[in-house]
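The values are calculated or read from the model by the stated rules, or taken from the named source; none is laboratory data. What you see is a predicted model; the values in this text were computed from it and never measured. Positions of Cβ are backbone-derived with ideal geometry, glycine not excepted, and every protein chain shown enters the neighbour counts.
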Amino acid sequence: MSDLLLQAAASGIVTGCVYALVALSLVIVYKSTDVVNFAGGELLMLGGYTGLLALIYFELSYPLMFVAVIVAMYVVGAAFERITLSTITGRRYSKKAEADLVPMVVATIGLGYLLKGAVRVVPYTEEVRRLPPLLAGPPVFIGDVILQQQDLAIIAVTIVVMAGLTVFFGFTRTGKALRATSQNPRAAALIGIPVQSMRMIAWGLAAGLAGIAGILLSPKLLMTPDMGNVVMLAFAAAIIGGFSSLVGCVIGGIALGVLQNLVGVLISPQAMAVTPFFMIMMILVLRPQGLFGELAFKKV
């Protein structure tokens, strides 16, 4: 039984890493614009299909495919912010534009339906597919725990992304400007930070992260235009860890993945589906700000 629990926990860490990447994209948008991005799942889905297109139809290598997907998704996110959201507000995210938040949220929902509909009309998406794994080969044994090489790739990419974000937000001028914009847009504008551009970069960065998650998840899930429904688990991870903390949403994602698998082993596989929502209710009742809600964006 202990070996089974260890295997479930290890598999949960792998799954939680994907949740964490999507949760990161949600938190970055929320911290930068105060908007909850309901198109996060569709951006993940688009990243997976873009990777499939680049890998199979354009015959790019996996490293080049990764770069192509990140660039393409960055363009999609930045263009959505600049063309749609800025047009909706008409005031380029004025700090007192609270009334604009509702249409902005509706716009993200519309983006999700638009992306899903656009993918459905592409001929090669009619069949259920699966992206080739990033790493292929025999499974790896860590004691009594068995992991596929793709699982190790997911963990490694998540660690690299987290390290990159830490360096970006902590040591680069753009990252520091994004932190300042998220904390006080008006003060940031007064000291010369281009707030409009920072908003666009935040959306581009979030879309790029969702694209990476799509590439990592597509070899493990059957690819369909509805695969973005996994975003609900990312929302749960962000709420558990704290919607104001990048570190918190990563820990929340991994904790959620582990807990789901342990529930599936100890209780029943059917209980796994309700575990995220049970955790959301418990966190909202006991600690509404999340486990790491006190951590500010600047402390990542």
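From ILE267, ILE215, ILE254, which residue is farther than 26 Å from VAL121 by Cβ, touching a helix residue (DSSP H, G or I) at 6+ places or on another chain (Cβ under 6 Å) and among the hydrophobic types (A, V, I, L, M, F, W, C)?
Working: ILE267 fails: touching a helix residue (DSSP H, G or I) at 6+ places or on another chain (Cβ under 6 Å); ILE215 fails: farther than 26 Å from VAL121 by Cβ.
Answer to the selection: ILE254.
Where in region 1-90 are there helices (runs of 4 or more DSSP H), lying fully within it, with 1 or more residues that are touching a helix residue (DSSP H, G or I) at 6+ places or on another chain (Cβ under 7 Å), of a type in the set (Asp, Glu) and under 30 Å from ASP144 (Cα atoms)? Please lay out each step first, then the result.
On the way: elements: 2-33, 40-52, 62-79, 86-89.
Ranges flagged: none.
Among the residues of region 50-64, is any of a type outside the set (Ser, Thr, Tyr), farther than 30 Å from VAL128 by Cα, modelled with pLDDT of 90 or more and crowded, with 23+ Cβ neighbours inside 10 Å? Working first, answer last.
Going through region 50-64, the residues of a type outside the set (Ser, Thr, Tyr) turn out to be 51-56, 58-60, 63-64.
Then drop every residue that is not farther than 30 Å from VAL128 by Cα, which leaves none.
Checking region 50-64: not a single residue is of a type outside the set (Ser, Thr, Tyr), farther than 30 Å from VAL128 by Cα, modelled with pLDDT of 90 or more and crowded, with 23+ Cβ neighbours inside 10 Å.
Of the helices (runs of 4 or more DSSP H) contained entirely in region 147-228, those carrying at least 1 residues that are of a type in the set (S, T, N, Q) fall at 149-171, 173-183, 195-217.
Quick check, is TYR113 aromatic (Phe, Trp, Tyr) and modelled with pLDDT of 85 or more? Considered against the rule, which asks whether it is aromatic (Phe, Trp, Tyr) and modelled with pLDDT of 85 or more, TYR113 comes out as yes.
The residue list ALA213, ALA177, ALA163, ALA156 contains one member that is of a type outside the set (Val, Ile, Thr), under 28 Å from LEU284 (Cα atoms) and either more than 14 Å from the chain's Cα centre (by Cα) or surrounded by 15 or more Cβ atoms within 10 Å (Cβ to Cβ) (or both), which is ALA213.
Only one of the listed residues (MET198, MET227, MET223) is touching a strand residue (DSSP E or B) at 6+ places or on another chain (Cβ under 9 Å) and of a type in the set (A, V, I, L, M, F, W, C). That residue is MET223. Of everything in region 120-140 that is closer than 19 Å to ILE155 by Cβ and aliphatic (A, V, I, L, M), the residue that is surrounded by the fewest Cβ atoms within 10 Å (Cβ to Cβ) is ALA136. Among residues belonging to region 9-34 that are within 8 Å of the chain's Cα centre (by Cα) and among the β-branched types (Val, Ile, Thr), point out the one that is farthest from GLY241 (Cα to Cα). Within region 9-34, the match that is farthest from GLY241 (Cα to Cα) is VAL18.
Residues in region 242-278 that are over 12 Å from the mean Cα position of the chain (by Cα), within 23 Å of LEU6 (Cα to Cα) and of a type in the set (Gly, Ala, Ser): GLY252, ALA255, GLY257, GLY264, SER268, ALA271, ALA273. Filtering region 22-41 to residues that are closer than 15 Å to MET232 by Cα and among the polar types (S, T, N, Q) leaves SER25, ASN37.
If the condition is being in contact (Cβ under 8 Å) with a residue 60 or more places away in the chain and assigned to a strand (DSSP E or B), then region 105-143 contributes ARG129, ILE142.
If you go through region 192-203 one residue at a time, do you hit one that is surrounded by fewer than 24 Cβ atoms within 10 Å (Cβ to Cβ), among the small types (Gly, Ala, Ser) and under 28 Å from TYR62 (Cβ atoms)? Checking region 192-203: at least one residue is surrounded by fewer than 24 Cβ atoms within 10 Å (Cβ to Cβ), among the small types (Gly, Ala, Ser) and under 28 Å from TYR62 (Cβ atoms). For GLY290, all conditions in the list (1) assigned to a loop (DSSP other than H, G, I, E, B); (2) under 20 Å from the mean Cα position of the chain (by Cα); (3) surrounded by fewer than 21 Cβ atoms within 10 Å (Cβ to Cβ); (4) of a type outside the set (Asp, Glu) hold save one; what is the number of the exception? Just one mismatch for GLY290, condition (3).
Looking at GLY117, is it over 18 Å from the mean Cα position of the chain (by Cα) and under 21 Å from GLY40 (Cα atoms)?
Taking the combined requirement at face value, the residue satisfies it.
Of the candidates ARG120, ARG129, the single residue that is modelled with pLDDT of 80 or more, under 30 Å from LYS220 (Cβ atoms) and touching a strand residue (DSSP E or B) at 6+ places or on another chain (Cβ under 9 Å) is ARG129. For first residues located in region 180-202 and over 22 Å from ILE83 (Cα atoms), partners that are assigned to a helix (DSSP H, G or I) and among the charged types (D, E, K, R) and lie 6+ apart or on another chain with Cβ distances below 9 Å form the pairs ALA180/LYS298; GLN183/LYS31; GLN183/LYS298. Scan region 168-194 residue by residue and report those that are within 17 Å of LEU205 (Cα to Cα) and either touching a strand residue (DSSP E or B) at 6+ places or on another chain (Cβ under 9 Å) or of a type in the set (D, E, K, R) (or both). Within region 168-194, ARG173, LYS176, ARG179 qualify.
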